[in-house]
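J.: This is the structure, below, for whatever I ask next.
The values are calculated or read from the model by the stated rules, or taken from the named source; none is laboratory data. Worth saying up front: this structure is predicted, and the values here are computed from it rather than measured. Here the Cβ is made from the backbone with ideal geometry for all residues, glycine too, and neighbour counts use every protein chain on show.
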Amino acid sequence: MGIFTPEQRERNRERNRAWRKANREHVREWSQAYYTKNREHLKELGHVWYEANRERVKERSRAWYEANKDRRRAASRAWIEAHPDRVKEANRKWGKAHKEHNNERNRAWRQAHPERGREAQRAWRQAHPDRVRERHLQRKYGITLAEFEAMLEGQGGACAICGGTDWGKKGPHIDHDHETGRVRGLLCNRCNLTLGALYDDPILLVKAARYLDASIGI
């Protein structure tokens, strides 16, 4: 009837393994040629088989991972160290495509680990001052760090009102229209406080100037 006994099947398997081992290059070339010729058909068969055996594949993958956890982690670390640029690009793409998920996961982690979260944030800020500054400028004023530096250079590195360079501890203040948000220029701390004290009102500024002019001869 053409039915092999278990012993015969095992002998056939052993004979096939021995033949493939002795003719490894031939088998590899034949397999590559066959795959190239039947690529789409094989992919379709693979998809059909996977859909029919999804749970079996998952279970086998989990079992293999548990049995080879240290080996897998070591291989992953080695690959990451060997391909840092590809890892950064992949992380950037993933973060962009899953922004809400990533934000929610980060919020949950910070809530569960508040002290570690604050410490990590402080360390990141100290290590990336330019990026912190960039984020602050974009969030509050809608400008980039390059635009800020170009504005400062355009003012000759000095206050747009008094022409001084005594910026104070926080550096140049970004003067902006509080109603429209439009950035007007960079001011020193004293000039910025003066505008704020007079409510950014040109009429009050003119009156203050006339008052001082009138009082010069007293």
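J.: Report every pair of residues separated by at least 6 positions or lying on different chains whose Cβ atoms are under 9 Å apart, first residue within the range 146-168 and on the phi > 0 side of the Ramachandran plot and without any contact (Cβ under 8 Å) to a residue 24 or more places away in the chain, second surrounded by 11 or more Cβ atoms within 10 Å (Cβ to Cβ) and among the basic types (K, R).
T.: G168/R190
J.: Next up: Quick one: which helices (runs of 4 or more DSSP H) lie wholly within the range 119-218 and hold at least 1 residues that are of a type in the set (S, T, N, Q), over 36 Å from the mean Cα position of the chain (by Cα) and farther than 30 Å from W109 by Cβ?
T.: Where helices (runs of 4 or more DSSP H) fall fully within the range 119-218 and carry at least 1 residues being of a type in the set (S, T, N, Q), over 36 Å from the mean Cα position of the chain (by Cα) and farther than 30 Å from W109 by Cβ, they are 189-197, 202-215.
J.: Among the listed residues H83, H101, H41, H47, which satisfies the condition of being surrounded by 12 or more Cβ atoms within 10 Å (Cβ to Cβ), out of contact with any His (no Cβ under 9 Å at 6 or more places or on another chain) and not aromatic (F, W, Y)? Before the answer, list the steps.
T.: Details: H101 fails: surrounded by 12 or more Cβ atoms within 10 Å (Cβ to Cβ); H41 fails: surrounded by 12 or more Cβ atoms within 10 Å (Cβ to Cβ); H47 fails: surrounded by 12 or more Cβ atoms within 10 Å (Cβ to Cβ).
Answer to the selection: H83.
J.: Here's a follow-up. Has the range 17-37 got any residue that is loosely packed, with under 11 Cβ neighbours inside 10 Å, of a type in the set (S, T, N, Q) and within 38 Å of the chain's Cα centre (by Cα)?
T.: Yes, the range 17-37 contains a residue that is loosely packed, with under 11 Cβ neighbours inside 10 Å, of a type in the set (S, T, N, Q) and within 38 Å of the chain's Cα centre (by Cα).
J.: Something else: Here are some residues: N106, N16, N91. Which one is of a type in the set (S, T, N, Q) and over 30 Å from A120 (Cα atoms)?
T.: Answer to the check: N16.
J.: Here's a follow-up. With respect to V27, determine if the residue is out of contact with any helix residue (DSSP H, G or I) (no Cβ under 8 Å at 6 or more places or on another chain), farther than 30 Å from G117 by Cβ, β-branched (V, I, T) and without any contact (Cβ under 8 Å) to a residue 40 or more places away in the chain.
T.: Values: out of contact with any helix residue (DSSP H, G or I) (no Cβ under 8 Å at 6 or more places or on another chain): no; farther than 30 Å from G117 by Cβ: yes; β-branched (V, I, T): yes; without any contact (Cβ under 8 Å) to a residue 40 or more places away in the chain: yes.
No: the conditions fail for V27.
J.: Looking at (1) touching a helix residue (DSSP H, G or I) at 6+ places or on another chain (Cβ under 9 Å); (2) modelled with pLDDT of 90 or more, find the lone condition where K169 falls short.
T.: Here K169 meets the rest and fails (2).
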